[in-house]
Structures are given as structure tokens and as C-alpha cells.
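*Asks:* First the structure, which I've put down as C-alpha cells, then a few questions once you've had a look.
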Amino acid sequence: MADSSGPRFPLPDGFLMGASTSAHQVEGNNVSSDLWALENQPGTFIAERSGDAADSFHRWPQDMDLLRDLGFNAYRFGIEWARIEPEQGHVSRAAVAHYRAMVRGAVERGLTPVVTLHHFTSPNWFSARGGWLTEDAAELFASYTRTAVEVLGEDVRYVATINEPNMLALVHAMRRAAEQGRPSPTEGGDTGGVAFDPSTVEPSPNMTAALIRAHRAAYRVLKEADPGYQVGWTVANQVYQAEPGAEEIAAAYARPREDVFLEAAREDDWIGVQAYTRHRIGPHGPLPVPEGAETTLTRWEFYPEALGEAVRHTRQVVGAGVPVIVTENGIATSDDERRVAHTERALASLVAQMRAGADVRGYLHWSALDNYEWGSYRPTFGLIAVDPVTFARTPKPSARWLGALARDRHLPCGADRPQHVAASAR
Ligand code: FCB
């Protein structure tokens, strides 16, 4: 590897630099999905409907043109089970052709596609018959994966089976608790209708086991179809930090919420790290954001070093032999300068881990576009702004800044700048 001691860290060959989206959050009109049904139910607790989202279902060529022109070499996007199999057993050939065209479109533009098979939303028929907890859920997911192989072809190498299974399991537990009349999820909130206090419940072992079974089933299908597919899943890394004396409590708290999902990746080809902020754990459980700390539009603490810490923890649990791809990292803010500041420090913390030997294969920023943040359009995570009426795309300065790093093939490593001083909340 080239000299990496200065303030610029040369990217290893083949390192992916790009951005991420998910199908439901950008496509629009995902009408056969369970979330669309929930969003449009009379009296729903979800604050805002996804509606047309960013209309990327039609505008994906423009999105990919922009990412290429900005200097990126990778794009993570999702394909939607609810479009590919809108009714159980009925495959939409048009949807398969649509996603196949996207894969080809990415490759033709020099963007390495990283394709997610499941990102929070399921077909409405699947959830209506019991979702992941039904006996044949893994087989149904495997059958969808078999169809997905037609989309991936020989062009896709990196496949993520399920996005953030730990969040899926946690949200499931929240909804079960609400149905049973236990303290309900906080409604509305800045992240939209699905905001909740995750400290009051934990994922059920049944749900966790079901998701792991589905992941393994999809893994097998993919490897049988083409052993060259690099298969993994992506975990929401919460960066649980123990206060002095609370180490055991923090470890017990983290286990069902994160670590079991990381352990399940020990035999995988790679692991997706997704980090946004930290969570401090005291002797009595989770602690609030520290007094006076800067917070983002999702009310998360501005704490960019979460990325490096997430990579370190992931390596510890999964093992150093499984390569890491940062499949999400970013910030919800209307102040694009804070996006650059956040990302610069996050990347420096990532470089520190790479220098310490972490095998990191890529950095995919969340998100390429401002999009539907699960109940609200208010938290803007995008490198590229999207007009909600005309759908016009406008790259923000952060997009040009990150794209230039991708083009120049280096990352900032923080050696030339003083440590950040927490700014006031904005
Ligand atoms: C992650 C999700 C992604 C987006 C970001 C902010 O948990 O995978 O869809 O909502 O958070």
C-alpha cells in the first residue's frame, strides 16, 4: 500500500466510494408493500405518506448519471420484493426487467452496484400472512431471491440480503408491545410516525432466529446460482458506549439488539456497517444525549466518530477475516456544511481503523438523495437535494466534496485539523 502517514489516506485498489438509497425511500408508489398499506390506512400513526418519494422509479438514469459525474464508482440501491412478487407466487416480469435495466445502467456508467434484496418493506401479502414468523418465511424469501438472481446476473458481485435485521426485529417488538397495550411508541416525532423508545423492548429471540434463517436461505440460493456473488447483510451499529462501571449492563443491552446479528455474519463474505451516532449506557440503561451536545434533524447526537467505533466493534464480534463495507453513514441536516464536517470526521475515524488493519472495502454514504425517512420527508440525509414537486435534482456542495475525494482516490484522515468542539444544538 502507498504511503498513508500524511493527512491524506490513499484508497486501496478497488475501494468502493459511493452513496446508498433504498427502494421504498426513493422510488415512489410502492403500492404492493406492507408499508404503503400502513401509510395509507385511515387514521394511521404514520405522519407522512411516501407518495411519489423522489420518483427514482422513473428517474434512476438521472440519479446514476449524477453519481458518476460527481466522481463516484459505486451505488447501493434496493430492489423491491413487493414489485417483483406483488401477489404470492406471481412474478412481475416487468419489475424484473426494470431492475435488470438498473443493474446494467449502473455497470455501463462505471458504478459498481451493491444491491439490497430487502430494506424494511415486504410485500403486503407476506406481512398479512404473518411475515417473518411464519414457518415458510425463509423459503418464501429464498424463492424471491431465486427470481432476484435474474436481476443480478453476472453484473452484480455485492449483494446484501436483508438491511438492518436488528432494526426490523426491534420495530417488530415495538409494534407487538403497542398491540399488547404496553407503553406505545411515541407517535410522530422528527423521524416520522415510526419513532420509538427502543430501550423499553428488545427483539424477540423468535424473530431474530427467523431473520437469520431467511438470511442463510438467501445466502445459499445466491451461492448456488453463482459462487462469485459476495453475500452479506447490513447491521445498524448503535455504538453502545458503557459508562464506567456499566460495562456488563451495556454488553447485555447490546447483545440482542446488535451482537447476535453480527455473530450471524461470521460465515458471510462481507458485513455491512451502518453507523450514525452513539448510544451511551449507564448503570440503569440508556442515557440521553449529553447536555449541550449538537444534535441533528433526527435528534441524534452529532458524533461522527461513531463510524470508526462501529467498524472496530464489528471486527471484534464478527472477526477480522470478514471484510467490511460501510453501507450507510451520514447525517440529517439542513446545513450542508455540517454534513461535510460530519463526514470528514467520520472518514478520519474510518481511516484510523484501516490503519489499524481493518479490511474495509468501501464507503457508501447515506444517502445519495433526500428521501422518505420512514414517515417524514423532514430529515434530509441527501448529498443531492430533490424538489418534492418537480423532482429536480440539485447536488449539494457536500456531494461535490465527497465526489472529489472519490475521484482523487483518497480520504481525509484528520491529521491536519484540530479536534472538533461541540457546537450548540441546531
Ligand atoms: C438506517 C436505514 C436507512 C435510513 C437511515 C437514516 O437505519 O437503513 O433506510 O433510514 O437509517
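*Asks:* Going through segment 28-38 one residue at a time, which ones are within 23 Å of ALA385 (Cβ to Cβ) and in contact (Cβ under 8 Å) with a residue 40 or more places away in the chain? Break it down into steps so the answer makes sense when it comes.
*Replies:* First, pick out the residues of segment 28-38 that are within 23 Å of ALA385 (Cβ to Cβ): 28-30.
ASN30 - this is the single residue of segment 28-38 that is within 23 Å of ALA385 (Cβ to Cβ) and in contact (Cβ under 8 Å) with a residue 40 or more places away in the chain.
*Asks:* Additional query: Can you work out which of the residues in segment 27-49 that are within 23 Å of ALA97 (Cβ to Cβ) and not acidic (Asp, Glu) is surrounded by the most Cβ atoms within 10 Å (Cβ to Cβ)?
*Replies:* The initial filter retains those residues of segment 27-49 that are within 23 Å of ALA97 (Cβ to Cβ), namely 27-33, 36.
Next, only the ones that are not acidic (Asp, Glu) stay: 28-33, 36.
Values: GLY28: 21, ASN29: 15, ASN30: 23, VAL31: 12, SER32: 22, SER33: 26, TRP36: 19.
The selected residue is SER33.
*Asks:* Looking at THR390, THR394, which one is away from the ligand (no atom under 16 Å from the Cβ), surrounded by fewer than 20 Cβ atoms within 10 Å (Cβ to Cβ) and either under 21 Å from the mean Cα position of the chain (by Cα) or outside any loop (DSSP other than H, G, I, E, B) (or both)?
*Replies:* On the way: THR390 fails: either under 21 Å from the mean Cα position of the chain (by Cα) or outside any loop (DSSP other than H, G, I, E, B) (or both).
Being away from the ligand (no atom under 16 Å from the Cβ), surrounded by fewer than 20 Cβ atoms within 10 Å (Cβ to Cβ) and either under 21 Å from the mean Cα position of the chain (by Cα) or outside any loop (DSSP other than H, G, I, E, B) (or both) holds for just one of THR390, THR394, which is THR394.
*Asks:* Sticking with this one: Looking only at segment 6-16, decide whether some residue is open to solvent by less than 10 Å² (accessible area, probe 1.4 Å), over 26 Å from LEU222 (Cα atoms) and not charged (D, E, K, R).
*Replies:* Scanning segment 6-16, I find at least one residue that is open to solvent by less than 10 Å² (accessible area, probe 1.4 Å), over 26 Å from LEU222 (Cα atoms) and not charged (D, E, K, R), so the answer is yes.
*Asks:* Could you please find all residues in segment 138-163 being in contact with a Pro (Cβ under 8 Å, 6 or more places away or on another chain) and open to solvent by less than 30 Å² (accessible area, probe 1.4 Å)? Give the steps one after another, and end with the answer.
*Replies:* Let us first name the residues in segment 138-163 that are in contact with a Pro (Cβ under 8 Å, 6 or more places away or on another chain), namely 155-156, 158.
If the condition is that a residue be in contact with a Pro (Cβ under 8 Å, 6 or more places away or on another chain) and open to solvent by less than 30 Å² (accessible area, probe 1.4 Å), then VAL156 is the only one that fits.
*Asks:* For segment 324-358, what are the residues that are within 16 Å of the ligand (Cβ to nearest atom) and of a type outside the set (D, E, K, R)?
*Replies:* We begin by selecting, within segment 324-358, every residue within 16 Å of the ligand (Cβ to nearest atom); these are 325-334, 338-339, 342-343, 346.
Those that are within 16 Å of the ligand (Cβ to nearest atom) and of a type outside the set (D, E, K, R): ILE325, VAL326, THR327, ASN329, GLY330, ILE331, ALA332, THR333, SER334, HIS342, THR343, ALA346.
*Asks:* Could you please find all residues in segment 359-379 being away from the ligand (no atom under 11 Å from the Cβ) and part of a loop (DSSP other than H, G, I, E, B)?
*Replies:* ASP359, ALA368, ASP370, TYR377, ARG378
*Asks:* Any chance segment 125-137 includes a residue that's within 16 Å of the ligand (Cβ to nearest atom), open to solvent by 40 Å² or more (accessible area, probe 1.4 Å) and hydrophobic (A, V, I, L, M, F, W, C)? Outline the logic, then answer.
*Replies:* Pass one, segment 125-137, residues within 16 Å of the ligand (Cβ to nearest atom): none.
No - not one qualifying residue is present in segment 125-137.
*Asks:* Something else now. Could you tell me which residue of segment 302-316 is nearest to the ligand (Cβ to nearest atom), considering only residues that are under 19 Å from ARG280 (Cβ atoms) and open to solvent by 20 Å² or more (accessible area, probe 1.4 Å)?
*Replies:* Looking at the filtered set, the residue picked out is TYR303.
*Asks:* Looking only at segment 10-58, count how many residues are under 29 Å from VAL107 (Cβ atoms) and within 16 Å of the ligand (Cβ to nearest atom).
*Replies:* So the answer is 17.
*Asks:* With a cut-off of at least 2 residues that are out of contact with any Leu (no Cβ under 7 Å at 6 or more places or on another chain), at pLDDT 95 or above and polar (S, T, N, Q), name the helices (runs of 4 or more DSSP H) lying wholly within segment 96-195.
*Replies:* Values: elements: 124-128, 137-152, 165-179.
So the answer is 124-128, 137-152.
*Asks:* Among the residues of segment 340-356, is there at least one that is in a strand (DSSP E or B) and surrounded by 23 or more Cβ atoms within 10 Å (Cβ to Cβ)? Quick ask: steps written out before the conclusion?
*Replies:* Narrowing segment 340-356 to residues in a strand (DSSP E or B): none.
No, there is no match, as no residue in segment 340-356 is in a strand (DSSP E or B) and surrounded by 23 or more Cβ atoms within 10 Å (Cβ to Cβ).
*Asks:* Is at least one residue of segment 250-259 within 21 Å of the chain's Cα centre (by Cα), farther than 18 Å from TYR144 by Cα and within 16 Å of the ligand (Cβ to nearest atom)?
*Replies:* Step one: list which residues in segment 250-259 are within 21 Å of the chain's Cα centre (by Cα), which gives 254-259.
Pick out the ones that are also farther than 18 Å from TYR144 by Cα and you get 254-259.
Checking which are within 16 Å of the ligand (Cβ to nearest atom) leaves us with 257-258.
Scanning segment 250-259 turns up at least one residue that is within 21 Å of the chain's Cα centre (by Cα), farther than 18 Å from TYR144 by Cα and within 16 Å of the ligand (Cβ to nearest atom).
*Asks:* Could I ask something else about it? Considering only residues that are assigned to a helix (DSSP H, G or I) and surrounded by fewer than 18 Cβ atoms within 10 Å (Cβ to Cβ), look in segment 402-417 and name the one that is nearest to the ligand (Cβ to nearest atom). If you could, list the steps in order and put the result at the bottom.
*Replies:* Kept after step one, since they are assigned to a helix (DSSP H, G or I), are these residues of segment 402-417: 402-408.
Keeping just the survivors that are surrounded by fewer than 18 Cβ atoms within 10 Å (Cβ to Cβ) gives 404, 407-408.
Details: ALA404: 24, ARG407: 26, ASP408: 27 Å.
The qualifying residue nearest to the ligand (Cβ to nearest atom) is ALA404.
*Asks:* Does segment 222-230 contain at least one residue that is surrounded by 22 or more Cβ atoms within 10 Å (Cβ to Cβ) and under 18 Å from the mean Cα position of the chain (by Cα)? Working first, answer last.
*Replies:* Initially, segment 222-230 is screened for residues surrounded by 22 or more Cβ atoms within 10 Å (Cβ to Cβ), giving 222.
Of the ones still in play, those that are also under 18 Å from the mean Cα position of the chain (by Cα) are none.
Within segment 222-230, none of the residues are surrounded by 22 or more Cβ atoms within 10 Å (Cβ to Cβ) and under 18 Å from the mean Cα position of the chain (by Cα).
The values are calculated or read from the model by the stated rules, or taken from the named source; none is laboratory data. Just so it is clear, the structure is predicted and the values come from calculations on it, not from any experiment. Positions of Cβ are backbone-derived with ideal geometry, glycine not excepted, and every protein chain shown enters the neighbour counts. Keep in mind that these areas ignore ligands, DNA and RNA; they rest on the heavy atoms of the full protein, side chains included. Shrake-Rupley method; radii C 1.70, N 1.55, O 1.52, S 1.80 Å.
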